[in-house]
Amino acid sequence: MIRTEEMLLNVGPQHPSTHGVFRIVLKIDGETIIEATPVIGYLHRGTEKLAENLQYTQIIPYTDRMDYLAAMTNNYVICHAVETMMSLEIPERAEYLRVIVMELGRIASHLVWFGTYLLDIGAMSPFLYAFREREAIINMLNEICGARLTFNYMRVGGVKWDAPDGWIEKVRDFVPYMREELAGYHDLVTGNEIFLNRVKGIGFYTKEEALNYSLSGANLRCTGTNWDLRKDEPYSIYERFDFDIPVFHTGDAWARYQCRMQEIEESLKILEQAVEQFPAEGPVMAKVPRIIKPPKGEAFVRIESPRGEIGCYIASEGKKEPYRLKFRRPSFYNLQILPKLLVGENISNLITILGGIDIVLGEVDG
Amino acid sequence: MTDKQNESNEGLSIEEQKKKAAAEAKAKALELAKQRQAEKAKPVESAEQPTAELELTKEELKKKAAAEAKAKALELAKQRQAEKAKAAETAEPTTTEPELTKEEQKKKAAAEAKAKALELAKQRQAEKAAEPSDTTDETSDDLAKQKALAAAKAKAAAAAKAKAAAAAKAKLAREAGGDTSAQPASDDEKAKAAAKAKAAAAAKAKAAAAAKAKALREAGGDAPSETPAGDDEKAKAIAAAKAKAAAAAKARAAANAKGAAAEPAAEEKPSPNQPILDTYIKVIKEHLGEDVLEDSYINRLSKDVPTLVAKPDTYYKIAEFLKHNDQLRFDYLSEMHGTDFETHFEVYNHLYSYVNRQSVALKVKIDRTSATTHSITPLWEGANWPERETFDLLGIHFEGHPNLSRIMLPDDWVGHPLRKDYEPHDVEV
């Protein structure tokens with residue numbers, strides 16, 4: 001008989017599978033995890049403290065650095081919060097541009113997740129394909145705002161730049177291309193038995209647990225909860241588009257995988273419609289005062305980022321800087337359930353479970 | 001609106017304020033002109049739309065949006081037509097205007113001229129030179145100019161001279177402005193700059209017109225149309241001070257007018273979420289007693305979210321009730337954080353009920369010296385890390401939290417950075 005004994009295993013903070021700087025202290029008995037203690041804060045930059053001395057427009061670049069895989073949604077959430085407070089009317093063309101870049105960002109983010117997740121659990125080639133398609137998106141976003149990741153594209157009242165000539169056509173052409181590639185991914189990965197064995201039934205939690213742990217995004221929808229802020233608390237112009245919310249019921253890593261892959265498809269649907277309805281002309285910026293001063297009071301808004309609910313709370317004193325700014329960062333909330341999921345699991349499932357939550361450490365640490 | 005603007009004026013220099021005021025006055029004129037146009041162009045549509053929009057379902061909204069995109073091209077064409085019609089009408093005022101006082105005539109002419117200039121600028125910005133219809137616009141514009149000129153000449157009676165000069169000057173300004181915007185503005189910045197330049201030019205030209213008008217009265221009626229643009233600049237320089245004063249006066253008038261307009265709008269109708277809030281309060285009072293809530297209101301700025309402010313000692317009780325009561329069932333904690341309001345701390349929770357599909361904000365004010373409240377982690381596991389974060393950055397202690405320790409900062413950090421009186425601790429200083 002094999003004798004085992006408890007030992008401490010430190011994973012990270014520098015570990016490729018954490019996609020950032022995340023440390024987890026494991027207490028293991030043989031290969032079974034008895035206790036897991038996440039340690040975060042290595043990327044804490046004090047965005048909220050810095051923001052108290054910045055004007056609203058100056059804060060937008062800081063949001064790019066939170067969830068750097070889908071910075072457009074971060075840009076949007078702070079603009080949306082200020083616009084809600086000031087009851088601003090956003091020009092239609094700007095709204096369409098915002099939706100298009102946000103959905104492109106969602107696809108790019110899911111592609112990174114798809115590629116790196118499979119890389120984590122041992123499949124090399126999907127990563128290369130996913131990053132090829134992602135590169136196409138990044139190039140498009142680069143063309144519209146001049147940056148590949150830290151966009152700083154949106155402003156309170158609209159967007160900074162109009163789409164260059166032919167850009168909308170590029171997005172239009174991208175949709176069928178991406179559909180084709182997505183079918184390729186499914187052929188390559190989705191039916192793969194090795195992959196299925198790694199993800200089916202792993203990292204399971206129920207709907208009640210998901211709600212109790214404040215999970216959101218695909219992490220919530222994999223438990224059979226039909227919830228997407230784009231549909232349920234519509235913001236921007238999302239109510240104009242016809243799309244579905246993928247919901248799965250098994251609550252495991254496999255359901256989360258399916259959920260995200262289908263979300264790519266739904267985002268493509270939105271893109272298709274947005275490109276079709278795109279207004280031929282019009283301003284991309286509303287009439288806003290040069291110095292933005294939301295009225296005295298507080299507001300909390302939440303929108304759907306690729307990782308879940310991203311929210312922004314502003315307490316304003318009517319000055320040009322916020323009195324208090326707080327981001328509800330989905331990765332931070334989603335990561336809380338990790339210690340619970342890991343207990344009793346085999347150590348080889350650690351990466352499958354962590355990867356399945358889809359965190360961005362820049363966002364976890366704020 | 002007025003309050004906001006007044007406040008935002010504080011940070012500006014007098015220069016900027018004047019500029020802003022001038023811009024505002026102009027924007028108003030533009031709006032007026034636009035309204036008039038809209039009334040002329042589509043009296044039936046404008047009457048129908050507001051009610052129709054209210055009744056639209058989501059489905060219809062979608063259709064509408066799609067249709068709108070198409071309808072835009074049509075509308076643009078309509079606008080152009082309307083403008084032509086307007087150009088024709090500029091000749092008409094000659095007959096009606098004698099009935100007005102001089103003051104009014106002047107104001108009207110100036111406003112119209114300016115509105116037109118701005119409108120043109122706007123259209124050009126929107127079309128960005130790419131539209132082939134630009135040329136037709138220009139010709140119709142020229143026509144308008146000629147007609148207006150004729151009208152001005154006709155009115156060359158001694159009393160109306162000043163006004164004619166003003167109109168002509170505005171036209172000149174418009175031409176000058178037109179030149180700037182005719183260059184293909186490649187982005188927002190340029191377009192904005194052009195608009196600003198134009199606005200400034202218009203204001204100056206107006207003042208110059210006023211100054212010149214005196215001279216012209218002596219010289220003869222036809223002069224204004226022949227004045228070369230070069231002279232303008234001198235006159236501008238002379239009259240710059242006057243223009244500013246006039247703009248300031250105008251702005252004041254505009255502000256007054258706006259203030260009057262804003263007041264009735266301030267009386268808002270009750271929020272659609274008011275009944276929901278009333279239900280919450282009723283249920284809470286039924287079960288927990290009359291005296292558990294410190295305050296409750298609809299937060300207008302935050303998408304009308306019903307907001308409850310619990311008393312420090314009833315905070316946990318209310319939170320527990322909100323979660324477990326069969327009518328309320330707030331099973332999801334969406335957000336939890338704290339704020340230092342200097343007189344007190346405040347903890348803010350955004351709760352959501354997936355059963356009833358409703359939100360509520362639950363707040364509690366905490367004494368700053370003790371900085372202690374009850375943890376709600378036993379109710380919502382999701383509050384675990386946010387409470388640790390609040391403890392770390394604000395130093396609020398949550399009683400009953402399973403593991404209240406620093407989460408973002410190192411364990412040996414001194415102080416809580418998000419407190420307003422935080423001083424960075426550095427042992428070497």
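Taking the condition of being over 19 Å from A:GLU345 (Cα atoms) and within 14 Å of chain B (Cβ to nearest Cβ), how many residues in segment A:187-212 meet it? Outline the logic, then answer.
Taking segment A:187-212 first, the residues over 19 Å from A:GLU345 (Cα atoms) are A:187-193, A:207-208, A:211-212.
Still in the running and within 14 Å of chain B (Cβ to nearest Cβ): A:207-208, A:211-212.
Adding up the residues that qualify gives 4.
Please go through (1) over 13 Å from A:MET86 (Cβ atoms); (2) crowded, with 24+ Cβ neighbours inside 10 Å for A:VAL301 and return the number of the only condition it doesn't satisfy.
The number of the failed condition is (1).
Take A:SER348 and decide whether it is more than 17 Å from A:ASP365 (Cβ to Cβ), out of contact with any strand residue (DSSP E or B) (no Cβ under 7 Å at 6 or more places or on another chain) and more than 11 Å from chain B (Cβ to nearest Cβ).
In short, yes.
For segment B:408-429, enumerate the residues that are at negative phi and touching a His at 6+ places or on another chain (Cβ under 6 Å). Step through it out loud before you land on a result.
The initial filter retains those residues of segment B:408-429 that are at negative phi, namely B:408-414, B:416-429.
Of everything in segment B:408-429, those that are at negative phi and touching a His at 6+ places or on another chain (Cβ under 6 Å) turn out to be B:MET408, B:VAL414.
From the residues in segment A:12-34 that are of a type in the set (S, T, N, Q) and in a strand (DSSP E or B), which one is nearest to A:THR116 (Cα to Cα)? Before the answer, list the steps.
The first filter runs over segment A:12-34 and keeps only residues of a type in the set (S, T, N, Q), leaving A:14, A:17-18, A:32.
In the following step, the residues that additionally are in a strand (DSSP E or B) were identified as A:14, A:32.
On the way: A:GLN14: 16, A:THR32: 25 Å.
Looking at the filtered set, the residue picked out is A:GLN14.
Are any residues in segment A:342-366 surrounded by fewer than 20 Cβ atoms within 10 Å (Cβ to Cβ) and in a loop (DSSP other than H, G, I, E, B), and if so, which ones?
Within segment A:342-366, A:VAL343, A:GLY344, A:GLU345, A:ILE347, A:SER348 meet the criteria.
Report the residue count in segment A:277-311 for those that are more than 7 Å from every other protein chain (Cβ to nearest Cβ) and outside any loop (DSSP other than H, G, I, E, B).
5
Can you confirm whether segment B:357-368 contains a residue that is free of Cβ contacts under 8 Å to residues at least 40 places away in the same chain, within 25 Å of A:ARG302 (Cα to Cα) and under 33 Å from the mean Cα position of the chain (by Cα)?
Going through segment B:357-368, the residues free of Cβ contacts under 8 Å to residues at least 40 places away in the same chain turn out to be B:357, B:368.
Cutting the leftovers down to within 25 Å of A:ARG302 (Cα to Cα) gives us B:357.
Narrowing the set further to residues that are under 33 Å from the mean Cα position of the chain (by Cα) leaves B:357.
Taking every residue of segment B:357-368 in turn, at least one turns out to be free of Cβ contacts under 8 Å to residues at least 40 places away in the same chain, within 25 Å of A:ARG302 (Cα to Cα) and under 33 Å from the mean Cα position of the chain (by Cα).
Before we move on, is B:LEU394 more than 8 Å from every other protein chain (Cβ to nearest Cβ), touching a Gly at 6+ places or on another chain (Cβ under 6 Å) and surrounded by 15 or more Cβ atoms within 10 Å (Cβ to Cβ)? Steps first, please.
Values: more than 8 Å from every other protein chain (Cβ to nearest Cβ): yes; touching a Gly at 6+ places or on another chain (Cβ under 6 Å): yes; surrounded by 15 or more Cβ atoms within 10 Å (Cβ to Cβ): yes.
So B:LEU394 passes the test.
From the list A:THR150, A:THR37, pick out the single residue that is surrounded by fewer than 23 Cβ atoms within 10 Å (Cβ to Cβ), within 12 Å of chain B (Cβ to nearest Cβ), polar (S, T, N, Q) and outside any helix (DSSP H, G or I). Before you say what the answer is, go through the steps one by one.
Details: A:THR150 fails: within 12 Å of chain B (Cβ to nearest Cβ).
Result: A:THR37 is the single residue among A:THR150, A:THR37 that is surrounded by fewer than 23 Cβ atoms within 10 Å (Cβ to Cβ), within 12 Å of chain B (Cβ to nearest Cβ), polar (S, T, N, Q) and outside any helix (DSSP H, G or I).
Give just the number: which of (1) surrounded by fewer than 18 Cβ atoms within 10 Å (Cβ to Cβ); (2) in a helix (DSSP H, G or I) does B:LEU409 not satisfy?
Only one criterion is unmet by B:LEU409, namely (2).
Somewhere in segment A:158-176, is a residue within 23 Å of the chain's Cα centre (by Cα), aromatic (Phe, Trp, Tyr) and assigned to a helix (DSSP H, G or I)?
Yes - at least one qualifying residue is present in segment A:158-176.
If we only count helices (runs of 4 or more DSSP H) wholly inside segment A:188-274, which ones have 1 or more residues that are over 17 Å from the mean Cα position of the chain (by Cα)? Lay out the reasoning, then the answer.
Numbers: elements: A:193-199, A:207-212, A:218-221, A:229-232.
Counting at least 1 such residues, we get A:193-199, A:207-212, A:229-232.
When only residues in segment A:325-341 that are more than 18 Å from A:GLY217 (Cα to Cα) and crowded, with 23+ Cβ neighbours inside 10 Å count, which is farthest from the other protein chains (Cβ to nearest Cβ)?
Only one residue fits best here, namely A:LEU325.
Looking at segment B:301-380, what strands (runs of 3 or more DSSP E) fall wholly within it and have at least 3 residues that are in contact with a strand residue (DSSP E or B) (Cβ under 8 Å, 6 or more places away or on another chain), more than 9 Å from chain A (Cβ to nearest Cβ) and buried (at least 16 other Cβ atoms within 10 Å of the Cβ)? Break it down into steps so the answer makes sense when it comes.
Numbers: elements: B:305-310, B:332-340, B:344-353, B:358-367, B:372-374.
It comes to B:305-310, B:344-353, B:358-367.
Looking at the structure I just gave you, is A:GLU281 surrounded by fewer than 24 Cβ atoms within 10 Å (Cβ to Cβ) and over 14 Å from A:ASP228 (Cβ atoms)?
On the way: surrounded by fewer than 24 Cβ atoms within 10 Å (Cβ to Cβ): yes; over 14 Å from A:ASP228 (Cβ atoms): yes.
Yes: the conditions hold for A:GLU281.
Could you please find all residues in segment A:230-240 being in contact (Cβ under 8 Å) with a residue 40 or more places away in the chain and at the interface with chain B (Cβ under 10 Å from one of its Cβ atoms)? Don't jump to the end; show me each part of the working.
Quick first cut of segment A:230-240, residues in contact (Cβ under 8 Å) with a residue 40 or more places away in the chain only: A:230, A:233, A:235-238.
Listed by number, the residues that qualify are A:GLU233, A:TYR235, A:ILE237.
For the list (1) within 14 Å of another protein chain (Cβ to nearest Cβ); (2) part of a loop (DSSP other than H, G, I, E, B); (3) hydrophobic (A, V, I, L, M, F, W, C); (4) closer than 29 Å to A:GLN336 by Cα, I need the number of the one condition that A:LEU69 fails.
Here A:LEU69 clears every test but (1).
If the requirement is being assigned to a loop (DSSP other than H, G, I, E, B) and more than 26 Å from B:LEU409 (Cβ to Cβ), which of these qualifies: A:LEU88, A:LEU97? Give the derivation first.
Working: A:LEU97 fails: assigned to a loop (DSSP other than H, G, I, E, B).
Exactly one residue qualifies, and that residue is A:LEU88.
Quick one: in segment A:40-66, which of the residues that are of a type in the set (A, V, I, L, M) and not in a loop (DSSP other than H, G, I, E, B) is surrounded by the fewest Cβ atoms within 10 Å (Cβ to Cβ)?
First, pick out the residues of segment A:40-66 that are of a type in the set (A, V, I, L, M): A:40, A:43, A:50-51, A:54, A:59-60, A:66.
Okay, now just the ones that are also not in a loop (DSSP other than H, G, I, E, B), so A:50-51, A:59-60.
Working: A:LEU50: 13, A:ALA51: 22, A:ILE59: 23, A:ILE60: 24.
Restricting to residues being of a type in the set (A, V, I, L, M) and not in a loop (DSSP other than H, G, I, E, B), the top hit is A:LEU50.
Which residues, taken from segment A:40-56, are touching a strand residue (DSSP E or B) at 6+ places or on another chain (Cβ under 8 Å) and either away from chain B (no Cβ under 14 Å) or of a type in the set (Gly, Ala, Ser) (or both)? I'd like the intermediate steps shown before the answer.
The first filter runs over segment A:40-56 and keeps only residues touching a strand residue (DSSP E or B) at 6+ places or on another chain (Cβ under 8 Å), leaving A:40, A:42-43, A:47-48, A:51-52.
The one that is touching a strand residue (DSSP E or B) at 6+ places or on another chain (Cβ under 8 Å) and either away from chain B (no Cβ under 14 Å) or of a type in the set (Gly, Ala, Ser) (or both): A:ALA51.
From the set of residues in segment B:397-429 that are under 22 Å from B:LYS365 (Cα atoms) and among the aromatic types (Phe, Trp, Tyr), which is farthest from the other protein chains (Cβ to nearest Cβ)?
B:PHE398
Any chance segment A:255-268 includes a residue that's farther than 20 Å from A:VAL364 by Cβ, crowded, with 24+ Cβ neighbours inside 10 Å and within 14 Å of chain B (Cβ to nearest Cβ)?
no
Here, each number is a calculation from the coordinates, and none is a lab measurement. Source: prediction; values computed, not measured. Positions of Cβ are backbone-derived with ideal geometry, glycine not excepted, and every protein chain shown enters the neighbour counts.
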